[in-house]
1. Residue pairs, Cβ under 6 Å, 6 or more apart or interchain, first in the range 279-290 and without any contact (Cβ under 8 Å) to a residue 60 or more places away in the chain, second outside any strand (DSSP E or B). List them.
2. Name the single residue, out of those in the range 279-310 being in a loop (DSSP other than H, G, I, E, B) and at pLDDT 80 or above, that is surrounded by the most Cβ atoms within 10 Å (Cβ to Cβ).
3. Which residues, taken from the range 247-274, are surrounded by fewer than 17 Cβ atoms within 10 Å (Cβ to Cβ) and within 27 Å of the chain's Cα centre (by Cα)?
4. Do we have residue 246 as outside any strand (DSSP E or B), touching a residue at least 12 places away in the same chain (Cβ under 8 Å) and farther than 29 Å from residue 198 by Cα here?
5. For a quick check of your reading: which helices (runs of 4 or more DSSP H) sit entirely within the range 1-98 and have at least 3 residues that are under 31 Å from the mean Cα position of the chain (by Cα) and either at pLDDT below 90 or closer than 29 Å to residue 128 by Cα (or both)?
6. May I ask you to list the residues in the range 217-227 that are surrounded by 16 or more Cβ atoms within 10 Å (Cβ to Cβ), over 21 Å from the mean Cα position of the chain (by Cα) and within 24 Å of residue 247 (Cβ to Cβ)?
């Protein structure tokens, strides 16, 4: 028995007068969180340059405390400071301007993010298509910066030349931002693999073994190098059987809609010699012990992953 129980000693919170338990002797956890939140809010607000910036941040922290709790407001407000500092100098309609949207980390603009929910509670309406385009452009710009800072090499020069060409095509409206985002992300991965490979071809083969879904995104760059450079890389043949085996292992280990869909793509490639990029729009329908996979107006039958596992245990 502790001395407080033995001697009937009681302590009360100086903030709310609630009886304290445990080790607390002066203030309860809730009042402590409220006090900490207030102190941090005031200190953080001092870092803003304009009265409107300070006011918006304080309003956000108050909203966060009200909609969540004092603990979250106290301990999570710091992570949102960069967002509010970024938009401090923006005009009131910044969320409708593509050039300003792409300057913001996309994590702050997800539907589930606190800053976005706060702004929407104030009447801000985001354009989803504009957001997607802005985040694609932001990724393209970040990937391009990585290319420019990469170690000088024949591969880097080819990537910069191809990226410049594709950006010109993007400005003309000949390609979509999502296409260039996928391509630059694939080339970024290729540069990463090239750090450890003996030559670019080995890096390409390593990339496609590890991420076969990037095959479609890297294909045009490889074709460009063959026609316009002496880099000497080529697309390795697609080993569809390995893809089916890997996707089956993934599905059997952790069944999910994503793993199920990935298996369908590899099954099309293996059973019908029909390769599709992983972002293609397909419809999957389970029929008996198989799947009907429809792409545009064509439907293909492939065995279901569960049936294939039962019939080909030795495959895994």
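The values are calculated or read from the model by the stated rules, or taken from the named source; none is laboratory data. Here the structure is a predicted model, which is why all the values come from computation and not from measurement. As a convention, Cβ positions derive from the backbone with ideal geometry for all residues, glycine included, and neighbour counts pool all protein chains shown.
1. So the pair list comes out as 284/264; 289/304; 289/307; 290/304.
2. So in the range 279-310, the residues in a loop (DSSP other than H, G, I, E, B) come out as 279-282, 288-289, 296-297, 304.
Keeping just the survivors that are at pLDDT 80 or above gives 279-282, 296-297, 304.
Details: 279: 11, 280: 12, 281: 8, 282: 15, 296: 9, 297: 5, 304: 18.
Per the criteria, the residue is 304.
3. To start, the set of residues in the range 247-274 that are surrounded by fewer than 17 Cβ atoms within 10 Å (Cβ to Cβ) comprises 249, 252-258, 261, 271-274.
Matches in the range 247-274: 249, 252, 253, 254, 255, 256, 257, 258, 261.
4. Here the answer is no, as residue 246 does not meet what is asked.
5. Working: elements: 3-6, 29-45, 51-67, 70-76, 81-87.
Ranges flagged: 51-67, 70-76, 81-87.
6. The first filter runs over the range 217-227 and keeps only residues surrounded by 16 or more Cβ atoms within 10 Å (Cβ to Cβ), leaving 217-218, 221-222, 224-225.
Checking the rest, the ones that are also over 21 Å from the mean Cα position of the chain (by Cα) come to 221-222, 224-225.
222, the sole residue that qualifies.
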